[in-house]
Amino acid sequence: MLDTLDPLILARIQFGFTVAFHIVFPAFSIGLASFLAVLEGLFLATGRQVFMDLFKYWLKIFAIAFAMGVVSGLVMSYQFGTNWSVFSDKTGPVLGPMMAYEVLSAFFLEAGFLGVMLFGMSKVGPRLHFAATLMVAFGTFFSAFWILSVNSWMQTPAGYGTNAEGQFVPLDWWAIVFNPSFPFRLVHMVLAAYLTTALVVGAVGAWHLLRDRANPAARTMFSMAMWMAALVAPVQIFAGDAHGLNTLEHQPAKVMAMEGHFQSHPDGAPLVLFGLPDQEAGTIRYAVEIPKLSSLVLKHSLDAPLAGLDSLPRKDWPPVPIVFWSFRIMVGLGMLMLLLGAISLLARWRGALYRWRPLHRFAVAMGPAGFVAVLAGWITTEVGRQPYTVYGLLRTAQSASPLHGPAVAASLTAFVVIYFSVFAMGVLYILRLMAQPPHEGESGIEPGAPIRTAGITPAPSVDPDRHLQPAE
Amino acid sequence: MVYSVDLTVIWAFVIAFAVFAYIVMDGFDLGIGILFPALRPGPERDTAMNSVAPVWDGNETWLVLGGGGLFAAFPLAYAVILPALYAPIIAMLLGLIFRGVAFEFRWRDPGHRAAWDVAFTGGSVVAALAQGIALGALLQGIAVEGRAYAGGWWDWLTPFSLLVGVSLVVAYALLGATWLVMRTEGLLQLQARRFAQRLTIATVAAIALVSAATPFLQGRYFERWLAMPNVLVSAQVPLLVALAAVALWRTLRGGGERAPFLIALGLFALSFLGLGISIFPDVVPGRITIWQAAAPEASQMFMLVGASVLIPIILIYTAYSYWVFRGKVDAHGYH
C-alpha cells in the first residue's frame, strides 16, 4: 500500500505546505521590522513615550514571529536538496549563488543584529540600538530581494546558458538577477508585507480601541496602520495590475488560468467574475462574465484578441481551478483593503477615527486578510507556473529527488503534525500578547524583565474594562 | 583551468569554515540543551538558557550558509548528499524547530515551561544525533549512479553512523558544559565543571572509537592515516588530541574559567582537521571530488566577490555581538 504513494505528489505537497507556513512569518516580519524602525526613529526624534511603548509592545511579538520564521526558513534551505535534487543539480550554478547572497547579506544581518535589537537596549545606548533595528529591517528587505529574484528567475528565466551536464549556467548575472518578472514581483511582495503588517497592527489597535478608546498607544497604532492601509492599498492594486500585465507577456498560460480563459477569443475576451472551472471539459461552468472587459484590462482595447488554453497542448496547462480561485480570493481581499483604507480616511476627515465602532470592527475582521491574500497570491503564481519548475525549460516531474514514497510520506506527516502543533502554539502566544492592551512604561524583553512575572499577575485579569470586550 | 581549480579549492575551504563555525557555535548552545535535564528547574536552567539566548539564531545561520554554500558552489554534491541523508536531515531540521521556538516559548508560557524544556532538550539531542549520523553516513560512503543518489532510504543507518551520532552528542555536551564554566558563577559553575570532567573522558573515548573505526571503512582512509609515509604527518593529530585532552582535564581540575572552553574548541578543531585529512579533496567520499561537483567558474566567482566582503564583516559583528553579551550571566540575563 505504502509503495503506491507517488513520491512526486507527496514532495509537491510537502514543499507547498512548508513554504506556505514559512511565508506567513517573513511577510509579517518584513513589515514589522520596518514598523519597529519607524517607531524607534520617531521616539528618538520626538522623545514621546508612546512610541517607545509601542516599540516594546511590538518587539515582543516580533521576537516570536522572527523565531518561527528562522526555523521554518532553515527547513526551506535544505528542502531543495532533499526533495528536489535534480532541480538543485541543474539550477544550482544559477540559483545557488543568489541564495548564498540571500544568506550572506540578509539572514546574517538579521540574525546577527537581532540579539542586540531584542536584548541589548540597556547595553549599547539608544543610537547604536536604533542602528541595530535598522540593520534588521534592511536585512529582512535584502532577504526578500534575493529570494524573490530566485523565484522570479524560475518564472521568467534569463541570462543563462546550458552546459554538457545539462545544467543551467550563468552567462549574464545582471540579466539573471533582474530577470523580467523580478521588479514587479519584488514591489508587489514588499507592498504586500507592509499591507499585511498594517492590517495586523490596525486590527490590534482597533481591538483595544473597542475596549478603551482613550488608550493613547492604541490610538497611535490604529492611526498609523490606517494611514498605511489608505496609502498602500491603492498603490498595491496598481502594482498588482502591472505585475499581471508582465505575466501576460511572459507567462500567458498563467494569465489564461487566472482569467479562466479555456477558449481563445479573437474579438474581445470577457472578464469571468465567477464560475466553476472544469479542467477535464476545458470550460467554465455557470460563468458570470462581463463581455470584452478582460481584453480592455489586459490589452487596453475592447476588441483585442486574447488566446486561451485551447491554443496550448493539454500537457502544458496549469491546474486551472486552483489558480482561478486563489486569484479571485486575492483580488477580493485587495478590494476590501482598499475599502478599509477609504473608510478610515472618511472617518479621519470627520474626526471620528477613534470612536467609530463599525470601522474598528471592520479593521479587526481584516486583521488576518493580509496573510490570506499573500498565500492566495503565492498559490496563484506558483501553481500558475505548473507544470514547470523553471518555466518552459524544466518540468516539475523531472525535478524531484529519487526518493521512495514512504520516505516522503513519513517526512510529510512529521512536518504536518509538528508545524501545526509548534506554530499553532506560537500563534497562540502572539495572540495572547496582542490581547494585552499596550500601556505606558511597556516592558521590554530583556531576560528577567517583568514579562516573566506577567504570568503571575496577568494584566487582563485586573483590567476593569475586560467585561466590555466585544464578543468577536 | 588552473584558475578554476583554485576557486574550487577556495570554496571548499569557505564551506568547511562555515561548517566548522556552525559546529562550534551551535555546538555549545546545542550542548546546553543536551545538559538541560541535569540542571535544576528554576534559576539554574534560566541562567543556562540566558547565556545563549542572544546568540543562538546567529549561530544557526552558519548552518544555512553551509547548506546554501554547498548548493551554490557544489550543486552536484548538494543534489547527491541530501537525498542520501534524507531521514537524518529531516530529523535534524525538525529537532532544530523544537529547540529554536523553545527559546521564545518557555518565557511566554510559564504554565507549560516544563513541556518546552523537554522540547528544548529533545530538539537539541535529536539535532545533534542526526548531525552525527549524517556525518557518519557520509564517511562510510553513499551509493551514486550518474548524477544522483542510488541507494535506499535506510542506507544511512549503520553501527558506525550511530557511533558518530552518539559521539557528537557527547562532544556538544562537553562544549556546552565548558561554556557554562566560562559564563556562570557559583553552584551552577561548580556543577558544570563536574559535568565537563566526566564529558572530557567520554569525548576522548568517543574520538578514539570513531578514529579507530574510520580507517577500516574505506581503503583510502587506511592509506591516508596508517600507511607510510602519511602516518608520519597524520599521527600528529591524535598526539595533539591527547595533549589537548590532558590540558583540558588539568584546567578543569585547576579552576580555569575560560581555558576549558577554548581547549574544547581546540579538540573540535583537531577532530575537524582529522575529518579533512580523511576526505579531502572529495566532497562525497570515494565518489565525487570537489572539482567534479563544482559549479562553473562564473558562479563561484560571482559568489566569491560577495563572500570576501561580507564574511569578514559578519565575523566582525558576530564578535561585536559576543562582546556586548560578554561576562557572567545569571537568571536575570547579562550584567
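The values are calculated or read from the model by the stated rules, or taken from the named source; none is laboratory data. Only a predicted model underlies this, so the values are computations on that prediction, with no experimental measurement involved. Methodologically, a virtual Cβ is constructed for each residue, glycine included, from the backbone with ideal geometry; neighbour enumeration extends over all protein chains shown.
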With a cut-off of at least 3 residues that are within 9 Å of another protein chain (Cβ to nearest Cβ), more than 18 Å from B:ALA213 (Cβ to Cβ) and in contact with a strand residue (DSSP E or B) (Cβ under 8 Å, 6 or more places away or on another chain), name the helices (runs of 4 or more DSSP H) lying wholly within the range B:61-168. B:75-84
Find all pairs meeting these conditions: Cβ atoms under 6 angstrom apart; at least six residues apart or on different chains; first residue within the range A:357-376 and small (Gly, Ala, Ser); second residue assigned to a helix (DSSP H, G or I) and surrounded by fewer than 19 Cβ atoms within 10 Å (Cβ to Cβ). A:ALA376/A:ILE329
Could you grab me the full set of residues in the range A:129-146 that are among the β-branched types (Val, Ile, Thr) and within 17 Å of the chain's Cα centre (by Cα)? A:THR140
Checked B:PHE216, B:PHE195 against criteria (of a type in the set (A, V, I, L, M, F, W, C) and more than 21 Å from the chain's Cα centre (by Cα)); the one match is B:PHE216
From the set of residues in the range A:118-132 that are in contact (Cβ under 8 Å) with a residue 40 or more places away in the chain and touching an Asp or Glu at 6+ places or on another chain (Cβ under 9 Å), which is nearest to A:ILE64 (Cα to Cα)? A:LEU118
Residues located in the range A:160-192, provided they are without any contact (Cβ under 8 Å) to a residue 60 or more places away in the chain, of a type in the set (Gly, Ala, Ser) and in a loop (DSSP other than H, G, I, E, B): A:ALA164
Test B:PHE28 against the criterion of being assigned to a helix (DSSP H, G or I), more than 12 Å from every other protein chain (Cβ to nearest Cβ) and touching an Asp or Glu at 6+ places or on another chain (Cβ under 7 Å), and give yes or no. no
Search the range B:178-190 for residues that are closer than 13 Å to B:ASN50 by Cα and pair each with any residue that is at pLDDT 85 or above when their beta-carbon atoms are under 6 Å apart and the residues are at least 6 apart or on different chains. B:TRP179/B:PHE28; B:TRP179/B:PHE261; B:LEU180/B:ALA192
Taking B:LEU248 and the conditions (1) among the aliphatic types (A, V, I, L, M); (2) touching a residue at least 40 places away in the same chain (Cβ under 8 Å); (3) within 14 Å of another protein chain (Cβ to nearest Cβ), which numbered condition does it fall short on, given that it satisfies the others? (3)
Tell me, which residue of the range B:297-329 that is over 26 Å from the mean Cα position of the chain (by Cα) and touching a residue at least 60 places away in the same chain (Cβ under 8 Å) is nearest to the other protein chains (Cβ to nearest Cβ)? B:SER299
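Mind counting the residues in the range B:244-255 that are out of contact with any Gly (no Cβ under 9 Å at 6 or more places or on another chain) and assigned to a helix (DSSP H, G or I)?
Going residue by residue through the range B:244-255, those that are out of contact with any Gly (no Cβ under 9 Å at 6 or more places or on another chain) are B:245-246, B:249, B:251-255.
This time we only want the ones that are assigned to a helix (DSSP H, G or I), so: B:245-246, B:249, B:251-253.
Summing the residues that are out of contact with any Gly (no Cβ under 9 Å at 6 or more places or on another chain) and assigned to a helix (DSSP H, G or I) in the range B:244-255 gives 6.
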Residue list for the range A:204-221, filter: crowded, with 24+ Cβ neighbours inside 10 Å and either more than 20 Å from A:ARG432 (Cβ to Cβ) or of a type in the set (A, V, I, L, M) (or both): A:VAL204, A:ALA206, A:LEU209, A:ALA218, A:MET221
Every residue from the range B:261-295 that is surrounded by 20 or more Cβ atoms within 10 Å (Cβ to Cβ) and more than 30 Å from B:PRO238 (Cβ to Cβ): B:ALA294, B:ALA295
Residues in the range B:235-243: is at least one assigned to a loop (DSSP other than H, G, I, E, B) and either surrounded by 14 or more Cβ atoms within 10 Å (Cβ to Cβ) or in contact (Cβ under 8 Å) with a residue 24 or more places away in the chain (or both)? no
Here, helices (runs of 4 or more DSSP H) confined to the range A:35-151 with at least 3 residues that are within 8 Å of chain B (Cβ to nearest Cβ) and within 30 Å of A:ALA424 (Cβ to Cβ) are A:49-83, A:108-119
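Suppose we filter B:ARG99, B:ARG108 for residues that are farther than 17 Å from B:ILE279 by Cβ and touching a residue at least 40 places away in the same chain (Cβ under 8 Å); which single one remains?
Among B:ARG99, B:ARG108, only B:ARG99 is farther than 17 Å from B:ILE279 by Cβ and touching a residue at least 40 places away in the same chain (Cβ under 8 Å).
Residues are listed down the side, and each one gets a yes or a no for (1) closer than 30 Å to B:TRP116 by Cβ; (2) in contact with a helix residue (DSSP H, G or I) (Cβ under 6 Å, 6 or more places away or on another chain); (3) not in a helix (DSSP H, G or I):
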residue: A:LEU353; (1), (2), (3): no, yes, yes
residue: A:PRO358; (1), (2), (3): no, no, no
residue: A:GLY367; (1), (2), (3): yes, yes, yes
residue: A:ALA409; (1), (2), (3): yes, yes, no
residue: A:LEU412; (1), (2), (3): yes, yes, no
residue: A:ILE430; (1), (2), (3): yes, yes, no
Residue hits (the range A:389-417; surrounded by 15 or more Cβ atoms within 10 Å (Cβ to Cβ) and among the β-branched types (Val, Ile, Thr)) are A:THR389, A:VAL390, A:THR396, A:VAL408, A:VAL416
Residues satisfying the stated conditions in the range A:369-392, i.e. farther than 14 Å from A:GLY202 by Cβ, assigned to a helix (DSSP H, G or I) and either at pLDDT below 90 or not hydrophobic (A, V, I, L, M, F, W, C) (or both): A:GLY377, A:THR380, A:THR381, A:GLU382
Going by what's in this entry, would B:ILE34 be described as at the interface with chain A (Cβ under 9 Å from one of its Cβ atoms), at pLDDT 90 or above and touching a helix residue (DSSP H, G or I) at 6+ places or on another chain (Cβ under 8 Å)? no
Applying the selection to the range A:145-177, what residues are more than 26 Å from B:ARG147 (Cβ to Cβ) and in contact with a Leu (Cβ under 7 Å, 6 or more places away or on another chain)? A:PHE145, A:LEU148
